[in-house]
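Here's the structure, in structure tokens; my notes come after.
The values are calculated or read from the model by the stated rules, or taken from the named source; none is laboratory data. What you are looking at is a predicted structure, and each value in this text was computed from that prediction instead of being measured. Cβ sites come from the backbone with ideal geometry, for glycine too, and all protein chains shown count toward neighbours. Side chains are part of the model used for accessible areas, which takes the heavy atoms of the whole protein and leaves out ligands, DNA and RNA. Shrake-Rupley method; radii C 1.70, N 1.55, O 1.52, S 1.80 Å.
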Amino acid sequence: MGNKTTIKNWKTSAHEGLGCIIDRLDEIWLEIGGSCHLKCGYCFAESGGVDSSSDNVSIERILDVIDEFSSFGGTRIGIVGAGEPFHKRNITDLFNILGYNKSKDIFTTIFTTGDLLTDKVLDQLDDYQNIRLLVKYNSQINAVQDKIVDSKGYTARRDDALKRMINRGYNDGSRLGVVTTLLEESSKEFPNIFRYARDNNLIFDADTPISRGRGKTCNLDAIEKIAKPVIEKLSQIDREEYGNEWESHGTYIASPPCTRFNHHLYLDKKGGVHPCVASDQVVLGNVKQESLAEIWEKDITKIIRGHNYVGKCIDSCKNYEEKKCFSCLGRATEELNTESLLKNGYVRTVGCFNFKHKDKK
């Protein structure tokens, strides 16, 4: 698994659409249930165990939403859980969605723990070429990774699955990647994790924790202090060892800045619709009662879509001024919720770890 491969088609972005402003609903992310066999210490959804909630949106309604999304010309769907998509309680719904997306020519990204991807499951996935698997990869040290996810033996199972996927050719620059979050306990490993991704032609999907769910229990202040030097080190590695140039910002590492405010919606497992995964306190509507079109054209949605932002990022950040960052709804704002948006008509920004004063050289 550690053998070096020639990188021909590695992605400069973890996700298509980042850096683009099109003001059209082109991407949705879905939660399809919260059942999960792990209990990650930074999980935004606080998963871990079996989800039997009768409030969860039905798979039939999800497929209706996808049908409507496709009729808009939408091209990309992300499946994020809120548990593990390949969990035995979720996998039937997952493949129903994959089959439907295949018939609509919609590209599907699946966020997964990876360790449940047996050869039998991979045989099924081989029928779906228009997909991407992003596998949890916080640490290469078994004791550290197992502790993060609260599951003994997880790391060995994950690494075995990654090896089998690489042997099957999933690491073609489009279908397989690692997804990681900058945590205190694994921050020193980030250069090695980054090299592992580059050397094996894997997409590198990385960011910092969001203050949601168990993410609130992470030492976010400490992580903010170490984020910039760690990211700058990755930039140096990519430039000197792989010939790739990029600048850091407050969202995805080694990718264009996040512009999801303009082309994306996030649907939680109970049907609630939010601007993105990081802005769960903003509820734009609910697909149990409303269509995507109705939600997309609401006044509150247009505040986000129109990028009606005020505050530190807009007033004094050089990155924002030069469009190297568009201010993260989850990391650079304060008191962002449904009520504040409706009352004020704007998003208030407070800056992030990568703030650069625009009046300074």
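Tabulated data for the structure shown
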item	result
Count of the range 161-186 residues which are part of a helix (DSSP H, G or I), open to solvent by 20 Å² or more (accessible area, probe 1.4 Å) and either in contact with a strand residue (DSSP E or B) (Cβ under 9 Å, 6 or more places away or on another chain) or under 20 Å from Lys39 (Cα atoms) (or both)	3
Qualifying residue in the range 263-276 (condition: touching a Ser or Thr at 6+ places or on another chain (Cβ under 9 Å), on the phi < 0 side of the Ramachandran plot and open to solvent by 20 Å² or more (accessible area, probe 1.4 Å))	yes
Filtered residue count, the range 330-361, keeping only those that are outside any loop (DSSP other than H, G, I, E, B) and open to solvent by less than 50 Å² (accessible area, probe 1.4 Å)	6
Residue tally, condition in contact with a strand residue (DSSP E or B) (Cβ under 8 Å, 6 or more places away or on another chain) and assigned to a helix (DSSP H, G or I), over the range 105-151	2
Selection status of Gly78, surrounded by fewer than 22 Cβ atoms within 10 Å (Cβ to Cβ) and under 15 Å from His274 (Cα atoms)	yes
Residue pairs meeting the criteria (Cβ under 7 Å; at least 6 apart or on separate chains; first without any contact (Cβ under 8 Å) to a residue 12 or more places away in the chain, in the range 238-251; second of a type in the set (Lys, Arg))	Glu245/Arg239
Hits in the range 42-87 (condition: free of Cβ contacts under 8 Å to residues at least 40 places away in the same chain, over 20 Å from Arg132 (Cα atoms) and in a loop (DSSP other than H, G, I, E, B))	Ser47, Val50, Ser52, Ser54, Ser58
Total residues in the range 49-60, condition within 20 Å of Lys288 (Cβ to Cβ) and surrounded by fewer than 14 Cβ atoms within 10 Å (Cβ to Cβ)	6
In the range 187-217, residue nearest to Pro256 (Cα to Cα) [restricted to those that are outside any helix (DSSP H, G or I) and over 18 Å from the mean Cα position of the chain (by Cα)]	Asn201
Condition check for Ser327: out of contact with any His (no Cβ under 7 Å at 6 or more places or on another chain), of a type in the set (Ser, Thr, Tyr) and not in a loop (DSSP other than H, G, I, E, B)	no
Cross-chain or 6+ apart pairs with Cβ under 9 Å, the range 88-103 first and within 10 Å of Ile66 (Cβ to Cβ), then open to solvent by 10 Å² or more (accessible area, probe 1.4 Å) and assigned to a loop (DSSP other than H, G, I, E, B)	Ile97/Ile32; Asn101/Tyr128; Asn101/Asn130
